[in-house]
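Scroll down for the structure; my scribbles are underneath it.
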Amino acid sequence: MHIVDLDAAGVRAVAGQFDTVSQLVAVATPLTFGASTAGRRYPSEGEALRRLCALRADELSDWARAARATSIELRSATEYYAESERAAAARIG
């Protein structure tokens, strides 16, 4: 049997950081840039930049969803750990 010493407050703090970052990314990803905002002399460059920004925004959105899922799993693990500790303490008396 392994002895596990889990800093539940620390794990919850990490989960909170994942939440914060995922929320920041969610706010930052709706970028609007393209041919119409690049100016008359650079429409193709503006469109290329828009496509690249859209691709990166999609990747960031995927990462934000993964970060949110990680925070949920971390909180779940700390709850499971806390419940196990309560049950063990109840058995001991």
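Can you pull out the residues in region 55-93 that are of a type in the set (A, V, I, L, M, F, W, C), open to solvent by less than 40 Å² (accessible area, probe 1.4 Å) and in contact (Cβ under 8 Å) with a residue 12 or more places away in the chain? So that I can check it myself, show each step before the final result.
From region 55-93, those of a type in the set (A, V, I, L, M, F, W, C) are 55, 57, 60, 63-64, 66-67, 69, 72, 74, 77, 82, 87-90, 92; that's our starting set.
From what is left, the residues that are open to solvent by less than 40 Å² (accessible area, probe 1.4 Å) are 57, 64, 67, 82, 87-88.
Selection gives ALA57, ALA64, ALA67, ALA82.
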* Asked: Going through region 8-51 one residue at a time, which ones are modelled with pLDDT of 85 or more, out of contact with any helix residue (DSSP H, G or I) (no Cβ under 9 Å at 6 or more places or on another chain) and of a type in the set (D, E, K, R)?
  -> ARG51
* Provide a single number: the residues in region 75-93 that are farther than 19 Å from ILE3 by Cα and either modelled with pLDDT under 90 or in contact with a Phe, Trp or Tyr (Cβ under 7 Å, 6 or more places away or on another chain) (or both). => 1
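The values are calculated or read from the model by the stated rules, or taken from the named source; none is laboratory data. From a predicted model like this one, the values you see are computed outputs, not experimental measurements. Neighbour counts are summed over all protein chains in view; Cβ atoms, including those assigned to glycine, are modelled from backbone coordinates with ideal geometry. In case anyone asks, the SASA skips ligands and DNA or RNA and just uses the protein heavy atoms, side chains included. Shrake-Rupley method; radii C 1.70, N 1.55, O 1.52, S 1.80 Å.
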